[in-house]
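One structure below.
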Amino acid sequence: MIVDFPKPGGFASLTTTTPKLDSVPLGKVLRGLSDRLSIEDPALVDDSLELFLDENTRFANASRVASLSCPHALKAWAAERLPSIGISYGISNRINQKEIEANLDEQAPLCLVEFAEDLSLIACYCREITELKIEGNPHSHGLEFRFAFYGSTKSEPREIIEAASIHALLNEGVRNNCLRKRVFASEGKIEAECIALRKKVRLGFSPVF
């Protein structure tokens, strides 16, 4: 299968800076946290967060994303978004075509792109990211994607924002069992695991597990 990865903003690109007919807003977790903190704890929110969010406002082309498999959607998203966010990255993929075809799903690719965008914005705002490694692997329950953002936190307030953002990210869409998500933050990196569950598998799971 040959997949074309168009230039950002092009006719068939995954993301745009302005909403279109079937657009889905990205970066909702950090935006939602910013809105909440501006009321509950305004001392944590400075102009840099609003500027960062404004500069990185993007919308996903939902129909374009749904037309791709999870690995292809993630690869196309990374090519479009990570250079503009300023993150140097590498991708390794061990998922073969047979496994891709067995896990085709109209919901999972968009959920995966939303998760990757949220996680990348959180990491980029809160840390001095030096490198990002992304891995795609087959999994007994579907397809597994691992993210490792290397870099230390920029300040204590941003460390607090990071912790609150990760908590919100893990609770985002908790009633939708399309993805199984785990995120671990340490002094030098953020690691995340996201499993796009095969349809037959996720029908047997409760929404929270």
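The values are calculated or read from the model by the stated rules, or taken from the named source; none is laboratory data. Please read these numbers as outputs of a predicted model, since none were measured by experiment. In this analysis, Cβ positions are derived from the backbone assuming ideal geometry, glycine residues included, and neighbour counts consider all displayed protein chains. Only protein heavy atoms, including side chains, enter the accessible area calculation; ligands, DNA and RNA are left aside. Shrake-Rupley method; radii C 1.70, N 1.55, O 1.52, S 1.80 Å.
In Å², what does the accessible area per residue of segment 69-197 work out to with a 1.4 Å probe? The partial results should precede the final answer.
Working: 5410 Å² over 129 residues.
Result: 42 Å² per residue.
What's the longest uninterrupted piece of the chain once you rule out the GluC sites (Glu not before Pro) that are loop residues per DSSP with at most 14 other Cβ within 10 Å? Mind dumping the intermediate values first?
Values: sites that count: Glu106, Glu128, Glu187.
With a cap of 14 other Cβ atoms within 10 Å, the longest stretch comes to 1-105.
Taking amide H positions as placed in the peptide plane 1.01 Å from N, state which residues far from Thr57 in sequence (5 or more) or on other chains have amide H under 5 Å from it.
Correct list: empty.
Give me the percent of accessible area attributable to carbon and sulfur for the chain, probe 1.4 angstrom.
Values: 5570 of 10430 Å².
Within the chain, the accessible surface is 53 percent carbon and sulfur.
Tell me, Kirkwood radius of segment 40-88 from alpha-carbon pair distances, in Å? All intermediate terms of the calculation are to be shown ahead of the outcome.
Numbers: mean 1/r = 0.0767 Å⁻¹.
Roughly 13.0 Å, rounded to one decimal.
Return the long-range amide H neighbours of Tyr89 (sequence gap of 5 or more, or a different chain), with a cut-off of under 5 Å between placed amide H atoms.
Leu132
Can you pick out the pairs among Lys98/Lys181; Lys75/Lys133; Lys133/Lys189; Lys98/Lys200 whose Cα atoms lie more than 22 Å from each other?
Details: Lys98/Lys181 24 Å; Lys75/Lys133 12 Å; Lys133/Lys189 11 Å; Lys98/Lys200 17 Å.
Among Lys98/Lys181; Lys75/Lys133; Lys133/Lys189; Lys98/Lys200, the Cα-Cα distance tops 22 Å for Lys98/Lys181.
Heavy atoms of the protein only, probe of 1.4 Å, neighbouring chains included. What is the accessible area of His72 in Å², nearest 10?
30 Å²
Which of the trypsin sites (Lys or Arg not before Pro) across segment 74-176 are loop residues per DSSP, with 13 or fewer other Cβ within 10 Å?
Those that pass, being in a loop and sparsely packed, are Arg94, Arg175.
Rounded to the nearest 500, what is the 222 nm mean residue ellipticity of the chain from helices alone, with -39500 (n - 2.57) per DSSP H run of 4+ residues and division by all residues?
Details: 8 runs with 88 residues, N = 209.
Theoretical 222 nm ellipticity from helices: -12500 deg cm²/dmol.
Based on the alpha-carbon gyration tensor of segment 69-197, what equivalent-ellipsoid semi-axes (square roots of 5 times the eigenvalues) come out, in whole Å, largest first? Present the calculation step by step, with values, prior to reporting the outcome.
Working: eigenvalues 123, 51, 28 Å².
For segment 69-197, the ellipsoid semi-axes come out as 25, 16, 12 Å.
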